[in-house]
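Worksheet: one structure, shown below.
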Amino acid sequence: MSDSIPIIVPQTRDQFVEQVRELATQNARYSVEGMGTRREHAAPDGDIQARLSLRAMDRIERMDAEDMTCRVQCGLRLSDLEANLREQDLALEAGPFLASDTRSLGGIFSEAPASPRGFDRGSLRSQLLGLSGLDARGRKFQAGGRVVKNVAGYDLMKLFVGGGGAWFTGLELELRLIRRPPMTRLMASHPMPLADALALWRSLRPAWIEARSLDLHIQGDGSAIVELALSGKPRRVSAWTCPASLPEDRSDPAFWDRMSPHASTSIPTHRGQILPSQSPAWIQSLPEGCQGTLHLQGSFSLVVDTASQARGTGLDPDGFSGTRMKTEARKLARRLKQGLSPLLSPGRLSYDTSCGGEGVS
């Protein structure tokens, strides 16, 4: 992407709306970002004339500890929200996420990175109760609401999560919260050959249905570490018998917010979803030297040398994702994008997929 494309940073919501409407009257194509930390790792923006940043829109609009919901501007950093939630004895169920001090809430939801607790109620989609947004021509809309069960109208929240800013711009998010677990316990294996670690990970899955996470951390040297996390009241958490295969056993309330010390700290180049039953073949197909994590329900994120070739997994050496959008889905997505947002980030259909050089106009 060219560094010459101007980055515009509106200071208020009204200024942002004005700027979008001005670009629309010029028929100018543009993209929207938070802090811009993942710009080089998403699909190309395409032929755009401007970038708009939400980084100045970083306030908590409302915090309701009794209702366990909050409303935040999309430019708010995750670490700032987490610090506020700790004071209220609240937390987001999804996470933890890499580099929370440099990631905006809008950017995280738009990217929808894999996370250890990202299944069932811990998925990012489950955290989002509603949003206020802006279409590509500056028309404002509201979707969802403050209640946990809200099915009125189209489910635009799911279109936003993982969309990479392709469909519309999120300005404010209504989030579901939980009471902060008073204790988190981490149990981990020693490094072992990757095949042995995978066998251990598979054997533990059916036995730990109450786990917050069960991760296979691939170390990049042919070894891997299996890590199990439990959270809840200290008495209940400490009552679980640690498997002999997981000799490292530590407990601390702060573990809820921290990335695992065994996880890669590099920005993933590939991600996707597999069936856990397919994990042996998937592991065999990975290129040498890759690092990453395979989570409980089969979501994964990897750091792969883009010059390496994966064998039979769908890993694309050019990056973006471990999965590809099928032809019919791509056609539908292109039609939907052209109807909703022909001016917004024209080269992208989601965070993980581009238009294959064909554009959407």
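Readers should treat all values here as calculations from the given coordinates under stated rules, not as data from a laboratory. Fair warning: this is a prediction, and the values are worked out from it, not measured in the lab. Here Cβ is always computed from backbone atoms with ideal geometry, including for glycine, and neighbour counts include all displayed protein chains.
Which whole-number percentage describes the relative contact order of the chain, with Cα contacts under 8 Å and a sequence gap of 6 or more?
In percent, rounded to a whole number, it is 18.
Relative contact order of the range 183-303, taken over Cα pairs closer than 8 Å and 6 or more residues apart, is 34 percent.
The calculated FRET efficiency for Arg62 paired with Asp221, based on their beta-carbon distance and R0 = 30 Å, is about 0.05.
Gain on full extension, evaluated as 0.36 nm per residue between Gln49 and Arg125 minus their Cα-Cα distance, stands at 24.3 nm.
Provide the net charge surrounding Gly220, with neighbours chosen by a C-beta distance below 14 Å and charges set as Lys +1, Arg +1, Asp -1, Glu -1. Please report the intermediate quantities before stating the final value.
Numbers: positive: none; negative: Asp221, Glu288, Asp305.
Counting the neighbours of Gly220, the net charge comes to -3.
Computed over the range 172-294, the P(r) curve from all C-alpha pair distances, binned at 5 Å from the origin, holds 2, 10, 20, 21, 19, 15, 9, 5, 1, 0 percent per bin. Sorting His190, His295 from the fewest to the most surrounding beta carbons within 10 angstrom yields His190, His295. The length gained on full extension between Val9 and Phe141, counted as 0.36 nm times the residue separation minus their Cα-Cα distance, comes to 45.4 nm.
Taking the helices alone, the chain has a mean residue ellipticity at 222 nm of -6000 deg cm²/dmol, built from -39,500 (n - 2.57) per DSSP H run of at least 4 residues and averaged over all its residues.
Between the range 170-246 and the range 64-140, the C-alpha centres lie 22 angstrom from each other.
By how many degrees, between 0 and 90 and to the nearest 10, does the Cα long axis of helix 13-25 differ from the longest principal axis of the chain? That helix lies at roughly 60 degrees to the long axis.
Fully extended, how many nm does the chain gain between Glu22 and Arg205 (0.36 nm per residue separation, minus their Cα-Cα distance)?
Working: separation 183, 0.36 × 183 = 65.88 nm, distance 5.30 nm.
The span from Glu22 to Arg205 would gain 60.6 nm if fully extended.
Compared with the dominant Cα axis of the chain, that is its longest principal axis, helix 78-87 is turned about 60°.
Based on the Cβ-Cβ distance from Arg235 to Thr102, what FRET efficiency comes out when R0 is 22 Å, to the nearest 0.05?
On the way: r = 37 Å, r/R0 = 1.67.
So the FRET efficiency works out to roughly 0.05.
Under the combined filter of DSSP loop state and at most 12 neighbouring Cβ atoms within 10 Å, the range 47-87 retains these GluC sites (Glu not before Pro): Glu66.
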